[in-house]
Amino acid sequence: MTSIDTDETGLGPGWVRACPTSDIDIDTAFIVDVKPPVAVYHIEDGFYATDDTCSHAESSLADGYIEEGWVECELHYAKFNIKTGAVMAPPANRPIGTYPVQIVDDIVYVDLSEHRGCAIAALRP
C-alpha cells in the first residue's frame, strides 16, 4: 500500500494512491494492493472503487466482466452495481463495500477510511 503526502494533494490521511488514470481503460479495473484488496473501475462516467472480493465467494471482482456500471464475478456470475455495491444478480445476497475516489493530477486516489457498505469492513484491522 502506498500512502500519499497529504500536503502534496490536499487529501486526508486515509487516501491511498491507486494508479494513473491512463492505466485503466473504460470497462476495466485495477486492483489496489491493500488488505483486503480494493478494485478501482473506470466506467463511462468516471472512476469508482469497491471491495475487490465477491461477497458470495473468494473471487476477485477486478478479474470479472464489467459493463454498463456493473461487475460480474467470474466465479459464479453474481453481479454488483459498481457505484453502490448493491447486488444485481445472485448467487450473492450481500452488497460489497464502496470507497470515495478522487483524481489529482491524473492519478486515482481511494479513501480507505470511508468504506461504505458490506461486512468485509469488519475484517479490517
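Worth pointing out:
- Residues (open to solvent by less than 60 Å² (accessible area, probe 1.4 Å) and small (Gly, Ala, Ser)) located in the stretch 17-37: Ala18, Ala29
- When the residues of the stretch 70-114 are filtered to those that are polar (S, T, N, Q) and in contact with a Phe, Trp or Tyr (Cβ under 9 Å, 6 or more places away or on another chain), the one that is modelled with the lowest pLDDT is Ser113.
Here is a yes/no grid of residues against (1) part of a strand (DSSP E or B); (2) in contact with a Lys or Arg (Cβ under 7 Å, 6 or more places away or on another chain); (3) open to solvent by 30 Å² or more (accessible area, probe 1.4 Å):
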residue	(1), (2), (3)
Leu11	no, no, no
Tyr41	yes, no, no
Ala62	no, no, no
Glu74	no, no, yes
Tyr77	no, no, yes
Gly85	no, no, no
Pro91	no, no, yes
Ile103	yes, no, yes
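- Residue list for the stretch 45-67, restricted to those being charged (D, E, K, R) and either closer than 22 Å to Pro20 by Cα or touching a Ser or Thr at 6+ places or on another chain (Cβ under 8 Å) (or both): Asp45, Asp51, Asp52, Asp63, Glu67
- Residue that is modelled with the lowest pLDDT [pool: residues in the stretch 43-56 that are open to solvent by 20 Å² or more (accessible area, probe 1.4 Å) and under 17 Å from Ala92 (Cα atoms)]: His56
- Taking the stretch 13-25 as the range and being closer than 13 Å to Val40 by Cα and either assigned to a helix (DSSP H, G or I) or touching a Ser or Thr at 6+ places or on another chain (Cβ under 8 Å) (or both) as the test, the residues that pass are Val16, Arg17, Thr21, Ser22, Asp23.
- Single residue of the stretch 45-60 satisfying the filter (small (Gly, Ala, Ser) and not in a strand (DSSP E or B)) that is nearest to Thr98 (Cα to Cα): Ser55
- Residues satisfying the stated conditions in the stretch 46-98, i.e. under 21 Å from Glu114 (Cα atoms) and charged (D, E, K, R): Asp51, Asp52, Lys83, Arg94
The values are calculated or read from the model by the stated rules, or taken from the named source; none is laboratory data. What you see is a predicted model; the values in this text were computed from it and never measured. So basically every Cβ, Gly included, is an ideal-geometry build from the backbone, and we count neighbours across all protein chains shown. Note: areas computed on protein heavy atoms with side chains; ligands, DNA, RNA excluded. Shrake-Rupley method; radii C 1.70, N 1.55, O 1.52, S 1.80 Å.
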